[in-house]
Amino acid sequence: MTPLIEFIETNKSFDGKVILNEINLKVFKGESLVIIGQSGSGKSVLLKCLLGVLKPSFGEVLIKNKSFFKQNRHQKEVLLKKFGVAFQGNALFDSLKVWENIAFKLSQIESLPLKNLKEKVDFSLKLVGLSNSIMYLYPSQISGGMQKRVAIARAIIDEPEILIFDEPTSGLDPVTGSKINNLIIDNVKRLGCTSITITHDMHSVKKIADNVAMINEGKIIWSGKKSEMGFSKNQKLQEFINEK
């Protein structure tokens, strides 16, 4: 089976400091992959290479068997439209109302009448368990948990093939974090999409992962099924699991 996403010998350095060191990783259609590792291990840089924010120093990133950085601008845009991203810290625009935040990506790629756009926003809000009564509020006027849900609503509004979640439960209490994990599961299942999640939260790993990859000092030191983690003799992996 051809992977939906593949990193091949992917390296990234900044001023001679190696951040990603020959990453080889495959993500298959319909898979929920969770990437774990300590802060500074290279997880976010790996995502930025996948999303075209950073170009690898060498190696390749394949999306649907196409080398992303060998595509022209239009071809890259077509590939990136397949992604929905819920960023770390939510990355909501403070100056835009909730509905404008959710509609932002869709408004950039489609010319929809305002009524239709707001209907899509309303539907996305319902999918993340929020009332449309918050549509005209600003992010600062809603709670942290609601902001997380709004960020997910923005990521799913155009029904992407691939969903990216960067530390989706960071800063949340356990109960709210559990609800966010359930939302991720429900929407990934509803869309039938592939998901990649970066997290430090072992509760999230246990709940949403099919497969897990651990990065340490820029290298993938373990990957496998979630059910295999507890049986691994990899010391770094066990330390990470037991610290959480």
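The values are calculated or read from the model by the stated rules, or taken from the named source; none is laboratory data. As the structure is a computational prediction, the values presented were derived from the model and not from experiment. Every residue, glycine among them, receives a Cβ derived from its backbone with ideal geometry; neighbour counts consider all protein chains shown. For the accessible areas, the whole protein counts, side chains as well, though only heavy atoms, and no ligand, DNA or RNA atoms are used. Shrake-Rupley method; radii C 1.70, N 1.55, O 1.52, S 1.80 Å.
Here Arg154 clears all of (1) under 19 Å from Ile208 (Cα atoms); (2) touching a residue at least 12 places away in the same chain (Cβ under 8 Å); (3) not acidic (Asp, Glu) except the condition numbered (1).
The set of residues in region 70-97 that are in a helix (DSSP H, G or I) and over 20 Å from the mean Cα position of the chain (by Cα) comprises Lys70, Arg73, His74, Gln75.
Counting only residues that are touching a residue at least 40 places away in the same chain (Cβ under 8 Å) and touching a helix residue (DSSP H, G or I) at 6+ places or on another chain (Cβ under 7 Å), region 172-184 holds 1 of them.
Name, by its number, the condition in (1) out of contact with any Cys (no Cβ under 8 Å at 6 or more places or on another chain); (2) farther than 18 Å from Gly84 by Cα that does not hold for Leu46. With (1) out of contact with any Cys (no Cβ under 8 Å at 6 or more places or on another chain); (2) farther than 18 Å from Gly84 by Cα applied to Leu46, the lone miss is (2). Residues in region 99-122 that are in a helix (DSSP H, G or I) and without any contact (Cβ under 8 Å) to a residue 24 or more places away in the chain: Glu100, Ser107, Gln108, Leu114, Lys115, Asn116, Leu117, Lys118, Glu119, Asp122.
Every test in (1) farther than 23 Å from Asp122 by Cα; (2) out of contact with any Gly (no Cβ under 6 Å at 6 or more places or on another chain); (3) not in a strand (DSSP E or B) is passed by Thr169 save one, and that test is (2). Among residues of region 1-36 being open to solvent by less than 40 Å² (accessible area, probe 1.4 Å) and part of a loop (DSSP other than H, G, I, E, B), the one that is nearest to Lys206 (Cα to Cα) is Glu31. I need the full set of residues from region 131-167 which are open to solvent by 20 Å² or more (accessible area, probe 1.4 Å), in contact with a helix residue (DSSP H, G or I) (Cβ under 6 Å, 6 or more places away or on another chain) and of a type in the set (A, V, I, L, M), in order please. Matches in region 131-167: Leu137 only.
Taken over region 92-135, the criterion of being of a type in the set (Val, Ile, Thr) and either touching a Leu at 6+ places or on another chain (Cβ under 8 Å) or more than 27 Å from Val78 (Cβ to Cβ) (or both) is satisfied by Val98, Ile102, Val128, Ile134. For Thr197, the conditions (1) touching a Gly at 6+ places or on another chain (Cβ under 9 Å); (2) assigned to a strand (DSSP E or B) are fulfilled apart from (1).
Taking region 1-54, which residues are out of contact with any strand residue (DSSP E or B) (no Cβ under 8 Å at 6 or more places or on another chain) and either among the charged types (D, E, K, R) or farther than 19 Å from Ser195 by Cα (or both)? Selection gives Phe14, Asp15, Gly16, Lys17, Ser39, Gly40, Lys48.
When restricted to residues that are assigned to a loop (DSSP other than H, G, I, E, B), farther than 12 Å from Gly37 by Cβ and of a type in the set (Asp, Glu), region 204-244 contains 1. Only one entry of Gln147, Gln88 meets the criterion of being polar (S, T, N, Q), touching a strand residue (DSSP E or B) at 6+ places or on another chain (Cβ under 9 Å) and touching a residue at least 12 places away in the same chain (Cβ under 8 Å), and that entry is Gln88.
Of all the numbered requirements in (1) open to solvent by 30 Å² or more (accessible area, probe 1.4 Å); (2) in contact (Cβ under 8 Å) with a residue 24 or more places away in the chain; (3) farther than 30 Å from Gly144 by Cβ; (4) of a type outside the set (Ser, Thr, Tyr), Gln75 misses one, and that requirement is (2). Counting the residues of region 106-129 that are within 22 Å of Gly145 (Cβ to Cβ) and either modelled with pLDDT under 90 or open to solvent by less than 70 Å² (accessible area, probe 1.4 Å) (or both) gives 7.
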